[in-house]
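The values are calculated or read from the model by the stated rules, or taken from the named source; none is laboratory data. These numbers were taken from a predicted model, which means no experiment stands behind them. For neighbour counting, all protein chains shown are included, and Cβ atoms are generated from backbone atoms with ideal geometry for every residue, glycine included.
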C-alpha cells in the first residue's frame, strides 16, 4: 500500500509540473514594448535606405522615382534632381513644374509648401524647424524644437546656396539672390539679396524676355531634367 501511495503522489506531482505557465503581466508588457521598438527601428532603417537609394538615381527615371516614392507630394512635371535631401517628406507639398537642383536640403518638420513654377538652385537650405535654446540651465539638445512653416509662392526663383529660415514666406515672383539668408517675408516680385536678405530691386512687367538658348536643344532626354533649374 505504501508503494501504491507513493506512486499516486508521484503522478500528481508530474501533472503539476506540466500545467501551463502563466507569465506575469509586466513581463508580457515589457516583451511587447521590446518587439514594438525593434519593429519601429527596422521600419525606420528600411525607410532611410530606400530614400538613400532614391536620392542618387540620375536622369528622368530618378526624377520620376523621387516624385513617386520618396514620400512627399509633388505635382506633374516637377523635377527633384539627385542628391536632394528631404527630412520629414510627408510634410512637404510641391506644386506643378517645380525644379529643385542637386545639393539642396529641405527640412519639412514644420511644413514646407512650394507652389507652381518655382526654381530652386543648387545647395539651398529650406528649414521649417529649429532647436530651442532659450534656457541656459539645459543643454540645447535636450530642449527640443520649434516649428514654423515655410511657403515658397509661385513663380519664385531661389538662387544657389540661399537659406530660407523657419516661418518665412517667399511671396509670388520673388527672386532670392545666391547666398542670401532670408529671415522674414518678402514682397511680391522683389529681388532680395544679402545677409540678412533685403530688397535690391523689382521685376518689371515691361521687361523684355531673353529668347531660350538653342545650342542645347539636341542634348537628349537627360537635359530635360535640368532645363528648369
**Report entry** Qualifying residue in segment 82-102 (condition: closer than 22 Å to residue 194 by Cβ, buried (at least 22 other Cβ atoms within 10 Å of the Cβ) and at pLDDT 95 or above)
**Finding:** no
Going through (1) under 19 Å from residue 108 (Cα atoms); (2) in a strand (DSSP E or B) one by one, residue 192 fails only at (1)
(Q) Condition check: more than 19 Å from the chain's Cα centre (by Cα) and buried (at least 19 other Cβ atoms within 10 Å of the Cβ). Does residue 190 satisfy that? (A) yes
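Do we have residue 158 as crowded, with 17+ Cβ neighbours inside 10 Å, touching a strand residue (DSSP E or B) at 6+ places or on another chain (Cβ under 6 Å) and in contact (Cβ under 8 Å) with a residue 40 or more places away in the chain here? I'd like the intermediate steps shown before the answer.
Details: crowded, with 17+ Cβ neighbours inside 10 Å: yes; touching a strand residue (DSSP E or B) at 6+ places or on another chain (Cβ under 6 Å): yes; in contact (Cβ under 8 Å) with a residue 40 or more places away in the chain: yes.
In short, yes.
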Cβ pairs under 9 Å, 6+ apart or interchain, first in segment 137-155 and without any contact (Cβ under 8 Å) to a residue 40 or more places away in the chain, second surrounded by fewer than 16 Cβ atoms within 10 Å (Cβ to Cβ) and outside any loop (DSSP other than H, G, I, E, B), ordered by first then second residue, are 140/131; 141/131; 143/131; 144/131; 145/131; 146/131
Note on segment 70-108: residues within 9 Å of the chain's Cα centre (by Cα) and closer than 24 Å to residue 178 by Cα are 85, 86, 87, 92, 105, 106, 107, 108
message: Checking the structure you have, find out if any residue of segment 124-131 is more than 28 Å from residue 64 (Cβ to Cβ), surrounded by fewer than 18 Cβ atoms within 10 Å (Cβ to Cβ), modelled with pLDDT under 95 and touching a helix residue (DSSP H, G or I) at 6+ places or on another chain (Cβ under 9 Å).
response: yes
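Residue-wise test of (1) modelled with pLDDT of 95 or more; (2) closer than 21 Å to residue 146 by Cα; (3) touching a strand residue (DSSP E or B) at 6+ places or on another chain (Cβ under 8 Å).
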{"site": "163", "(1), (2), (3)": "yes, yes, yes"}
{"site": "175", "(1), (2), (3)": "yes, no, yes"}
{"site": "192", "(1), (2), (3)": "yes, no, yes"}
{"site": "203", "(1), (2), (3)": "no, no, yes"}
